[in-house]
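The values are calculated or read from the model by the stated rules, or taken from the named source; none is laboratory data. Since the structure is predicted, the reported quantities are computational estimates derived from the model, not experimental observations. Heads up, the Cβs are rebuilt from the backbone with ideal geometry, glycines too, and the neighbour counts pull from every protein chain shown.
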Amino acid sequence: MSVPTNLKYTAEHEWLDIQGDIATVGITAYAADALGDIVYVDLPGVGTVLQGGEPCGEIESTKSVSDLHAPADGEVTEINDAVVEEPGVLNLEPFKDGWLFRMRMSDSAALLDAAEYQRLTDSQ
Amino acid sequence: MSQRTPLHEVHRQLAATFTDFAGWSMPVRYTSEIAEHSAVRTTAGLFDLSHMGQIELLGPEAGVALDFALVGRASKIGIGRARYTMICDHDGGILDDLVVYRLADQHYLIVANASNTSVVHALLKERATGYATTIRNTSSDWSLIAVQGPAAAAIVDEISDLDVAKLGYYAIDVGTLDGIDVLLARTGYTGEDGFEVYCAPMDSEAIWMALSASGKSRGLVPAGLACRDTLRLEAGMPLYGQELSRDVTPFEAGLGRVVVFDKADGFVGDAALARRRDDGPLQTLVGLKSLGRRSPRTGYHVLDPASGEQIGRVTSGAPSPTLGYPIAIAYVSTAFGATGSKLVVDVRGVHEDVEVVALPFYRRNTRSLTT
């Protein structure tokens, strides 16, 4: 499974597209595939203060439900209403139209690069 | 390492995602489980169920031995017919649910859940002591392929020497598919019309390919265990390990009708089951329709909305692909089990409103039961 090299990753299978102090956050194709068809997404509201590593939402598929973890400390600035309306986008375009929310990062976070994330998923 | 079915390489070439199920590596989905679910409801799906266990009984007293060992009356099953039944413990607890096929006057084929097959086999041998019958675990002699959905009859008919229009629901016959010897049964676990094909493991790939070819123009898709679970849930069919277990009798599960009491030799569990029948079950299995978007899941607590007290437990739950809202099956105290009751489920700390509804959630149009 290809992992875009321009993004950063967490061990919880989230990706971050960092531009200045704003990060766009989503889940990886590996995570979406493991969950199966995603039918419901619960996202943190705009203004929510996030703590890196803590649960901040839920992603539910026909088979299971899993927590969405905040990838870094910061504050939610925008959420993707389209993915809330049509969660199946997460399976089709996890790295593009399936982005979940944007956040202003208040601190640098320990993140993985694409090669490190690829090694993580290869070992799972 | 998990066991693999003879079709493992076929699934791999179809890019299946695999899951471990009862010690077997099985396809959980090939593409999207919602698409596979929808195909079974509208056209047809092709399943590898070779993990299921088979036990065969031969001999003049095979039927009466089963009458004693199981809750149903196998000796009255007609030749070429099938019956859904259960094997219970002395206290009435369910040890497995089974389909029993009578292949000939003195020949029965029992299909057990993969995880229970060796236990069921051992118990049948023990309970059949003194009866003129031989009992063998023949699981390795059989592969099982199911084709399920409204197009299943046409798909099977095209490559079978049997007239499938004459094969009734819960009937089984010896025949061929694409010239290969099979047992063809009109049974399934999806709530749709469909067939289960028992064949020699060495023939399973040829059967799979022949069904795929016949189904190609009819919308047949390979279908994994993920959609099998949502299909059976919509159809209100219980799953051993979730709705059924040693902790409940057929009466709690709403399946008291499978228990036949007036048998000459009695049967294992009869006294306990008669008491449960007469006293009435303390819990009842109900359908829940969720009024929110988050689905109740296995093990979640069902609460009385007035008091907040736990009055039940969810056994299975998922967002229903056909109905578009979450559905669940739960055991609740009998007092709360009336259709229309408003209850709540604790979904990871948040109380979601649910309503008790009649099972099944989904019922096919039975006019489709012809070719």
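Scanning segment B:10-50 for residues being over 12 Å from B:A226 (Cα atoms) and free of Cβ contacts under 8 Å to residues at least 12 places away in the same chain gives a total of 2.
Count of segment A:9-40 residues, restricted to those that are at positive phi and either away from chain B (no Cβ under 14 Å) or within 11 Å of the chain's Cα centre (by Cα) (or both), is 2. Residues that are touching a Leu at 6+ places or on another chain (Cβ under 9 Å) and either part of a loop (DSSP other than H, G, I, E, B) or at pLDDT below 95 (or both) within segment B:132-163 comprise B:T133, B:T138, B:W142, B:G149, B:A151, B:D161, B:L162, listed in sequence order.
Scan the strands (runs of 3 or more DSSP E) fully inside segment B:1-55 and keep the ones with 1 or more residues being under 21 Å from B:E192 (Cβ atoms).
By residue number, B:24-29, B:44-48.
Where helices (runs of 4 or more DSSP H) fall entirely within segment A:1-93, those with at least 3 residues that are in contact (Cβ under 8 Å) with a residue 12 or more places away in the chain are at A:29-35, A:81-85. Candidates in segment B:1-51 are the residues that are among the β-branched types (V, I, T) and more than 14 Å from chain A (Cβ to nearest Cβ); of these, the one that is farthest from the chain's Cα centre (by Cα) is B:V10.
Specify the residue that is nearest to B:L323 (Cα to Cα); the eligible residues are those in segment A:24-37 that are among the aliphatic types (A, V, I, L, M) and out of contact with any Asp or Glu (no Cβ under 7 Å at 6 or more places or on another chain). The selected residue is A:L35.
Here is a yes/no grid of residues against (1) surrounded by 19 or more Cβ atoms within 10 Å (Cβ to Cβ); (2) farther than 22 Å from B:D20 by Cβ; (3) in contact (Cβ under 8 Å) with a residue 40 or more places away in the chain; (4) charged (D, E, K, R):
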| site | (1), (2), (3), (4) |
| --- | --- |
| B:M52 | yes, no, yes, no |
| B:V64 | yes, yes, yes, no |
| B:D97 | yes, no, yes, yes |
| B:H107 | no, yes, yes, no |
| B:T117 | yes, no, yes, no |
| B:A128 | yes, yes, yes, no |
| B:A132 | no, yes, yes, no |
| B:S139 | yes, no, yes, no |
| B:W142 | yes, no, yes, no |
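Here are some residues: B:D346, B:D304, B:D279. Which one is within 14 Å of chain A (Cβ to nearest Cβ) and farther than 30 Å from B:V111 by Cβ? After ruling out the rest, the residue left standing is B:D346. Any chance segment B:275-283 includes a residue that's assigned to a strand (DSSP E or B) and buried (at least 21 other Cβ atoms within 10 Å of the Cβ)? No, segment B:275-283 has no match at all.
Within segment B:290-301, is there a residue that is free of Cβ contacts under 8 Å to residues at least 24 places away in the same chain and either away from chain A (no Cβ under 14 Å) or out of contact with any strand residue (DSSP E or B) (no Cβ under 9 Å at 6 or more places or on another chain) (or both)? No; the residues of segment B:290-301 include none that is free of Cβ contacts under 8 Å to residues at least 24 places away in the same chain and either away from chain A (no Cβ under 14 Å) or out of contact with any strand residue (DSSP E or B) (no Cβ under 9 Å at 6 or more places or on another chain) (or both).
Looking at segment B:251-263, can you tell me whether even one residue there is within 14 Å of another protein chain (Cβ to nearest Cβ), under 26 Å from B:C227 (Cα atoms) and either touching a helix residue (DSSP H, G or I) at 6+ places or on another chain (Cβ under 7 Å) or part of a loop (DSSP other than H, G, I, E, B) (or both)? No, segment B:251-263 has no match at all.
Yes/no matrix, rows are residues, columns are (1) facing another protein chain (nearest Cβ under 10 Å); (2) over 24 Å from B:V347 (Cβ atoms):
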position: A:P44; (1), (2): no, no
position: A:S61; (1), (2): yes, no
position: A:V65; (1), (2): yes, no
position: A:P71; (1), (2): no, yes
position: A:V83; (1), (2): no, no
position: A:E93; (1), (2): no, yes
